[in-house]
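Colleague: So that we are looking at the same thing, I have put the structure below in structure tokens.
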Amino acid sequence: MRKIKRLLFVMVVVLLAPATLALADEDPKTMNVDEIIRKANHAALYQGNDSKGKIKMVITDKQGRSRIRELNMLRKDVGDTDGDQKYFVYFQSPADVRKMVFMVHKHVLLGKEDDRWLYMPSLDLVKRIAGGDKRTSFAGSDFLYEDISGRHVAADIHELIQTTDRHYVVKNTPKSPDDVEFEYYTAYLDKTTFIPMKMEYFRKDGRLYRVIKTTNIAKIEAEENGSKVVYPTVVESTAEDLESGSKTIMTFSNVQYNVGLDHGIFSERYLRRPPREFMR
């Protein structure tokens, strides 16, 4: 049971979230670091009212052995501001997790744990799961829960340390260093879309030990409030553990936004029978 909980402990949302070109309307020269972080958080998590897509992860260890995880994901925002969200994950493969469902009601209030449910088809059992450490592996991959769901902007001290032709480079130092295993991390944010293009994590002795990169972005069309919009969307990213030698490639397909998901889908009644029209 502990292995299953660890396997399904996280939700894929951050890397499916798009960033619109409209985010770059402000003059970059007049923006302070707090505005940059706010826009990056919005770009990473809150574009569109909802979304759906397919995710494939290829996890390769130091010896070159690979494992594959495939799943479908639904996301729905709660309210009109950058606040709470709901997620629904349906596992397609491998066989030992097929038809499992993991649902999360995410809360953005600092210190408030998410609500989580797990459906295990082998037992026909719906189980409520207590919130836990966000710095744990997502489905056995090199991505962590906090990489996917997003780290709270108030948890760190942010410092703009460099501005290049393409990126804002922000150093993020945790306010509660005993709660995390890193001393700080740097984020390379695209100056047009504010999408995080690279994240580098450093140990307390200054060693670089984790790197996350955005390796492919696609422009996906959608409708928003009756108008056509284009969301530059991360469709491939990698996470690498420099200490273990493990690497995960995460790819996304069939990504759609503003599809009209009902809040009722994100309830216990659908854990046993996920809506087919959204699982395709």
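Colleague: Would you mind classifying region 37-93 by shape? Square roots of the alpha carbon gyration tensor eigenvalues, ordered a ≥ b ≥ c; an a/c under 1.5 is rounded, otherwise it is prolate if a/b is larger than b/c and oblate if not.
Modeller: oblate
Colleague: Using only C-alpha positions, report the orientation-averaged shadow area of the convex hull of region 103-225, nm², one decimal.
Modeller: 11.1 nm²
Colleague: Quick one: compute the contact order of region 2-279, relative version, from alpha carbon pairs under 8 angstrom and 6+ residues apart, as a percent.
Modeller: 23 percent
Colleague: Something else about it: Could you please rank PHE182, PHE252, placing first whichever residue has the fewest other Cβ atoms within 10 Å of its Cβ?
Modeller: With the fewest neighbours first, PHE182, PHE252 line up as PHE182, PHE252.
Colleague: Give me Rg over Rh for region 22-130, both radii from the alpha carbons and Rh done the Kirkwood way, two decimal places.
Modeller: With Rh from the inverse mean 1/r over Cα pairs, Rg/Rh is 1.08.
Colleague: Quick one: among THR164, THR186, THR215, which has the greatest mean-square fluctuation in a GNM of the chain with alpha-carbon springs under 10 angstrom?
Modeller: THR164
Colleague: If you don't mind, there's one more thing I want to ask. Starting from the alpha-carbon convex hull of region 2-279, give the projected area averaged over all orientations, in nm².
Modeller: Convex hull of Cα atoms, orientation-averaged projection: 14.7 nm².
Colleague: Can you give the net charge of the other residues whose Cβ lies under 12 Å from the Cβ of SER246, counting K and R as +1 and D and E as -1?
Modeller: Summing Lys and Arg as +1 and Asp and Glu as -1 gives 0.
Colleague: Within the set of other residues whose C-beta is less than 15 Å from the C-beta of GLY206, count the net charge using Lys and Arg as +1 and Asp and Glu as -1.
Modeller: Summing Lys and Arg as +1 and Asp and Glu as -1 gives 0.
Readers should treat all values here as calculations from the given coordinates under stated rules, not as data from a laboratory. Given the structure is predicted, the values throughout are model-derived calculations rather than measurements. In this analysis, Cβ positions are derived from the backbone assuming ideal geometry, glycine residues included, and neighbour counts consider all displayed protein chains.
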